[in-house]
Amino acid sequence: MSTDKEGIKALAAKGQIIEAAKDAIKDPYILEFLNLKEHYQYFESDLGNELINKLEHFLLELGKGFTFVARQKRITFDEKHFHIDLVFYNRLLRSFVLIDLKIGELTHEDIGQMQMYVNYYDRFVKTEEENKTIGIILCRDKSETLVEITLPEDNKQIFASRYQTILPSKEELQKLLSEQQEE
């Protein structure tokens, strides 16, 4: 029924083709495997600990080609220390993927912090053969407008993705699908 029959056949034969960072980034991520209660108060460290404890499940949720590099990776400049929550490498994209965990709503400060991490990795860690570093801010909620206005128009490196600790109900999924069809 698709108007792009050749594209559908190629997708069925090869799976998802990853050509750009945005092709590997999901939104939302479903973290139901962590077994965190929906209205349970937890900290970013709790979220990080649970993700590491269930790393295999998290890697499967991230998608193809991801390998784990570090947790709470410390970077230092001007005698100040910063900690990146999770560092991965994607073999297919040939780039580092930095993940910052936020338990609340995304702020412009969070985006600026991730931009700093990505710039650091691009300037001091990645090699010339590797592609630009990708940053994912994994947050409970986000404003698309805030993300769009805070990041440069040609942004291809930093992404804000929501996470959910439980799958949405059938009614919520139907509402989401009808909203997307209206767009």
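Would you mind calculating the relative contact order of segment 49-183 from Cα pairs under 8 angstrom and at least 6 residues apart, reporting the percent as a whole number? Could you put the intermediate results ahead of the total?
Values: 189 pairs, mean separation 23.5, N = 135.
It comes to 17 percent, rounded to a whole number.
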Amide hydrogen neighbours beyond the local backbone of Lys132, cut-off 5 Å, H modeled: none
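Can you tally the lysine pairs in segment 79-183 where the Cα-Cα distance is under 20 Å and the two residues are eight or more apart, or on different chains?
Numbers: Lys102/Lys142; Lys126/Lys156; Lys132/Lys156; Lys142/Lys156; Lys142/Lys175.
Lysine pairs meeting the criterion: 5.
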Over segment 49-88, what is the mean sequence separation of C-alpha contacts under 8 Å (at least six apart), divided by residue count, expressed as relative contact order in percent? 32 percent
With +1 on the Cβ of every Lys and Arg and -1 on the Cβ of every Asp and Glu, the dipole magnitude of segment 24-182 about its Cα centre, in debye rounded to the nearest 20, is 580 debye
Nonlocal amide H pairs with Ile137, under 5 Å, H built at 1.01 Å: Asp100, Phe159, Ala160, Ser161
Radius 12 Å from Cβ of Gly65, net charge of other residues (Lys, Arg +1; Asp, Glu -1): +2
Bin width 5 Å, alpha-carbon pairs only: give the P(r) of segment 49-183 as whole percents, running from 0 to the bin holding the largest distance. 2, 9, 17, 21, 20, 17, 9, 4, 2, 1, 0
Note, segment 124-129: 3J(HN,Hα) by Karplus (6.51, -1.76, 1.60, θ = phi - 60°), whole Hz, Gly/Pro = x, goes 10, 10, 5, 8, 4, 6
Can you give the % of DSSP beta bridges in segment 24-182 that are antiparallel, to the nearest 5? 50 percent
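Laboratory data are not the source of any read-out in this text; all were calculated from the coordinates shown. Quantities reported herein were computed from a predicted structural model and do not represent experimental measurements. Counting neighbours? That spans all protein chains shown, and the Cβs are built from the backbone with ideal geometry, glycine included.
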